[in-house]
Each structure stands twice: as structure tokens, then as C-alpha cells.
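Please read the structure below before turning to the comments.
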Amino acid sequence: MIEGLRNGDMQQWKNYAYFAIGIFILVAVVLLVRNNINRTNERNIQSQTDNITVPTIVRANPKEVAEGFPKELVLNSKIEIVGSYSATYPGSLAVQFTVEFISSKNPEANYDFYTKWATDNKWQIINSSQGDLISSLYLKKAAEAINITIRSSVKTTDRSNIIINHVDLNR
């Protein structure tokens, strides 16, 4: 009878050992898979960041337009310049100029002004959208593009905030 208990105890200890080994193997597999996923993600993140081109940005003095901003691109009814900068890209001839300003005209008047300006100056209107809160124009001419975003002023309804981006690909 004592031997029977010992065999039963031995079997129970074997079961505990198998269970512990099974848990150990399961934990090892989970850690290996997790480590492999982390390495794959690190490689993907690294390859994604290798493709990013960081421009060189030159900010204009406060209340001024960035040097080189096209003179023919009118800042309609400008009250105040909020900010402006130019950007160049390594390995590219492209130059970007951006200006944000407050206009004394309402968004509808500015949308009409820039639509007419584009037509008069032979810019092709690629995309346009006019809404209650925001309007935009995307214009193209040869190797140049202009994106104009017109928003209602948060302070008064008779003013607009305008952002103009001009990109010249061959400067």
C-alpha cells in the first residue's frame, strides 16, 4: 500500500513537471514571437524614417513675408501677417513659400478674388472648394503650384484668415 501511494505521488509529480515544462515552453514561444515582432517593427520604422526628407526652413521676421515670395501673388486686403517662411529640400530644386495673413475681406469675397486672379494670370484651377467655414483653391502652372486656404475669422464674420503656399519646382 505504501508503494501504491509512492507511485501515485510520483505520477502526480510527473504531471506537475509536465505542466511546468509546458508553461515554460509557452512563455518561451510568446517571448520569441514578441521579440521577432518588435524587431520587424523597428526595421519598418527605420525604413519609413529613411524616406523622410526634412526641409530647411527659414522663417521671416514677424509681420513680414518670407524673402522670395512671388511679388505677383497678391495678399488681398491684408491687415496683418501672422507668419511666413520659405523651405528648400535637400537634393531638390523645389522651393516653397508660405504666408498666413488676416484679410479685411470676408471669405466669399476672398474666394472670388483669388478665383478671378488665377484666371486672369493664366493659372489652371485644379481643385476648388467653397464652404461656410473653409474654402480652398489649388492652382497649377508649368512647374509651379499654389494652394490657397481661406477660413472665416474666429473674431468677426467680415474678416478671413488666409494661408497661401507657393511651390516652384525649378528654382
Quick one: what pairs do we get from region 68-87, first residue over 15 Å from residue 165 (Cβ atoms), second of a type in the set (Gly, Ala, Ser) and crowded, with 18+ Cβ neighbours inside 10 Å, C-beta under 8 Å, 6+ apart or different chains?
76/103; 77/103; 78/103; 79/103
Given the residues 135, 129, which is the only one that is in the same structural domain as residue 67 (by TED's automatic domain parsing), more than 28 Å from residue 58 (Cβ to Cβ), part of a strand (DSSP E or B) and free of Cβ contacts under 8 Å to residues at least 12 places away in the same chain?
129
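The values are calculated or read from the model by the stated rules, or taken from the named source; none is laboratory data. The structure displayed is predicted, hence computed values, not measured ones. Note that we place each Cβ from the backbone using ideal geometry, even for glycine, and neighbour counts take in every protein chain shown.
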